[in-house]
1. I want to confirm something. Restricting to the stretch 569-603 and keeping residues that are among the aromatic types (Phe, Trp, Tyr) and modelled with pLDDT of 80 or more, which single residue is nearest to Ile640 (Cα to Cα)?
2. For the stretch 145-165, enumerate the residues that are aliphatic (A, V, I, L, M) and either surrounded by fewer than 23 Cβ atoms within 10 Å (Cβ to Cβ) or under 16 Å from the mean Cα position of the chain (by Cα) (or both).
3. Please list, ordered by first then second residue, the pairs with beta carbon atoms under 9 Å, 6 or more apart or interchain, first in the stretch 346-367 and in a strand (DSSP E or B), second modelled with pLDDT under 95 and of a type in the set (Phe, Trp, Tyr).
4. Among the candidates Ser362, Ser407, Ser413, Ser352, which residue alone is under 25 Å from Gly160 (Cβ atoms) and touching a Gly at 6+ places or on another chain (Cβ under 6 Å)?
5. Quick test for you: out of Ser202, Ser206, pick the one residue that is without any contact (Cβ under 8 Å) to a residue 60 or more places away in the chain and either outside any strand (DSSP E or B) or out of contact with any Ser or Thr (no Cβ under 9 Å at 6 or more places or on another chain) (or both).
6. Looking at the stretch 96-105 only, could you name the residues that are touching a residue at least 60 places away in the same chain (Cβ under 8 Å) and either in contact with a helix residue (DSSP H, G or I) (Cβ under 8 Å, 6 or more places away or on another chain) or among the hydrophobic types (A, V, I, L, M, F, W, C) (or both)?
7. Within the stretch 74-90, is even one residue over 24 Å from Arg218 (Cα atoms) and buried (at least 20 other Cβ atoms within 10 Å of the Cβ)?
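The values are calculated or read from the model by the stated rules, or taken from the named source; none is laboratory data. This structure is a prediction, so every number in the text was calculated from the model and none was measured. So basically every Cβ, Gly included, is an ideal-geometry build from the backbone, and we count neighbours across all protein chains shown.
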Amino acid sequence: MKRIVLRWMRIRVLLPLMVAVGISAIPAVSAERYSADDLLSMDLEQLANVKVTTLSKREERYMATAGAVFVITSDDIRRSGVRSIPDALRLAPGLQVSQTNANQFQVGIRGQTDFWTDLLLVMVDGRPIYNTTFSGVWWVAQNYPLEEIARIEIVRGPGGAIWGSNAVNGVINIITKKAGASQGLRITAGEGTEETGFGNISYGASSGDVDYRLYAMRETRDGGLSGNGLNDMPDFRRMKQQGFRLDWNASASTKVSLHGDAYQIHSGQYGTWMPNPTVGNASNAQINSLNAFSGKNIVSRVETDIASNVSLKGQLFYDQYKVHTQIIREKKETFDGEFQVDFSDILNQNISVGTNVRRLRSHFNNTPQFQMPTRTTGITSFFINDELALFDGMFRIIGGLKLEKNSYTTWESQPSIRTIVSNDNWAVWASASRTVRTPNDMENGLSWNRKASGWCTPPRVCLVKQTGDGRAKSEHVKSYEVGARLRPTEKSLIELTAFKTIYKGVLDTWQDKSNLATNAATGITYEYLTNVLNGKGDGFEANFRVEAFDELTLKGSYTYLHQVYVDYPVKDGETKWTVLSNKFQDPRSRFHVGLSWDPTKMLEFDANVYFNGPFRDGSVNGNHRLDMRVGIKPIEGLEISFVAQDMMNLKHFENENNSMQYATQQQQRWYMRATYLYK
């Protein structure tokens, strides 16, 4: 309690300072220099006409998209009061977001949501941030000033025909603001009970035809609570990040951008660890260690018209990250080149063709417990997307095909077909797709003494060794979807989606117990990464948004998911356990209801209620979460917010332990934040 009081005393010093800065600068601020995005909420008319790119890899109106697309706007993020990108994703239907501990999130779409989730493509401005080592995302390392995010586009359902492997259950594209959209000096600072201190500063300006922005951010986060709810756990996080963006209007038809980031993160870890198995009796031990994550990237992008109806897009990026945990110690470099040509309105068709080449260099510092080979791998792909418009564009048929191979596969094809009937106020669509999740680095070279197995008399060691020996093949997924989007009035929007997904060859672990005598003699049981499951999933998603009055907006969503897995092709006690373990990952039902109310021009109030049903098996119970925010704008350019999160729970678990870290209880928390924009 004493620690909390001291933190709030520091806030009482910080916020008056921010207010004083704002008051001293107000004579230099003029109202007409603020954009609507800075001061106003995006209304439904703007949302219906916003241009999205993630579904088809080219701009199209939100109302006309032939798929389950959801847009989290910059204002949605600001008014929700969240402090991280994964927390912002809770606003979307069809997503399962759970916080394992203070520095780890698990994010999935339409099922199979655990730490090793490998069916989801996540990007920042079109740059993939999923990790080809295990096909997942280090969410602890994905940060950006939330004030500088323009929107988050989410495609629920397959995107393999456009984006390739990993875009199986969905695609998340985090789109940052162009430099010209965030001009001036912006300062944000705050502090709270668990978010123990955070702040960022950005500066944007123009020079001729070039807009630029620089930013720096820093955050500290406290640890969670132990299972008994009495002890603080060492799963804290300390993060700092810097970056820049340049946007150049080289000509009326040519746009060039260059942007990059660098980050450094330290986080605490508490979990089980396999001691050195070469000496004495091995057993699982509790460890308390410090993890380090660092990285940098630079992205160059050009868009130009090369003929009246022909445009060219190109992107080159370099990405490097380093991970140093008790288990994984890796440095990976990625070189990527992508080019796309769009043909518009040719015989009522819009055609896009493109290619992508990616090279990755991985270096591992192996330990006696965890080994991976150092190597260079690659991914090559080609795609074509053809949209045929009939009846003045009211009826459209979209066909797509992606051909892709990596260092562990031959060419894999990923076709899709979509149809949509739409106008400005309604849309009905249907789609069928075949997608692929291709093998990754761990499935082709891992050797991990993962845990102790049974009891052995020294000096013999009993352990389970997880092994990726290349036997894993591509997972093939067929998906079917129908949906509708309706605007009953100018102030309301309703969306409904139903889907069915068929998984063949889902990868998981399997212990080969056919040679029990050898296992007993050596004390080693091998656990292989291979295709051992088939599965089916179906469900529906609904979301709505209503502007009840000019000052009051209501929104919400509901998601239902049902999944069944069967052991295939091996049927034994081990694969039956694997089937059960997949049931731990997702609740059957979840919903979100929120409201945003502006009683005066200076005052904002927001409330969001989230519900996650109990996991279908395991120890995670269903829980409600209530977040509330009060925002005050005493002068133009200054906003002060008070945010309370998880008001229905003093503490609770959102997920179970995983092989990387123990789960900790998330606590009820509060913070205050001040943002000042000077132009």
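1. Looking at residues that are among the aromatic types (Phe, Trp, Tyr) and modelled with pLDDT of 80 or more, I get Trp597.
2. Initial filter on the stretch 145-165 (aliphatic (A, V, I, L, M)): 146, 149-150, 152, 154-155, 161-162.
Once the filter is applied, which keeps residues that are aliphatic (A, V, I, L, M) and either surrounded by fewer than 23 Cβ atoms within 10 Å (Cβ to Cβ) or under 16 Å from the mean Cα position of the chain (by Cα) (or both), the stretch 145-165 yields Leu146, Ile149, Ala150, Ile152, Ile154, Val155.
3. These pairs meet every condition: Phe364/Phe370.
4. Details: Ser362 fails: touching a Gly at 6+ places or on another chain (Cβ under 6 Å); Ser413 fails: touching a Gly at 6+ places or on another chain (Cβ under 6 Å); Ser352 fails: touching a Gly at 6+ places or on another chain (Cβ under 6 Å).
Within the list Ser362, Ser407, Ser413, Ser352, the selection yields Ser407.
5. On the way: Ser202 fails: either outside any strand (DSSP E or B) or out of contact with any Ser or Thr (no Cβ under 9 Å at 6 or more places or on another chain) (or both).
Unique residue meeting the criteria: Ser206.
6. So the first thing to find is which residues in the stretch 96-105 are touching a residue at least 60 places away in the same chain (Cβ under 8 Å), and the list is 96, 98-104.
Across the stretch 96-105, the qualifying residues are Gln99, Ala102, Asn103, Gln104.
7. First, the residues of the stretch 74-90 that are over 24 Å from Arg218 (Cα atoms): none.
For the stretch 74-90, residues over 24 Å from Arg218 (Cα atoms) and buried (at least 20 other Cβ atoms within 10 Å of the Cβ): absent.
For every residue, the table says whether it meets (1) under 24 Å from Thr377 (Cβ atoms); (2) surrounded by fewer than 18 Cβ atoms within 10 Å (Cβ to Cβ).
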{"position": "Ile397", "(1), (2)": "no, yes"}
{"position": "Val428", "(1), (2)": "no, yes"}
{"position": "Ala432", "(1), (2)": "no, yes"}
{"position": "Ala452", "(1), (2)": "no, no"}
{"position": "Arg471", "(1), (2)": "yes, yes"}
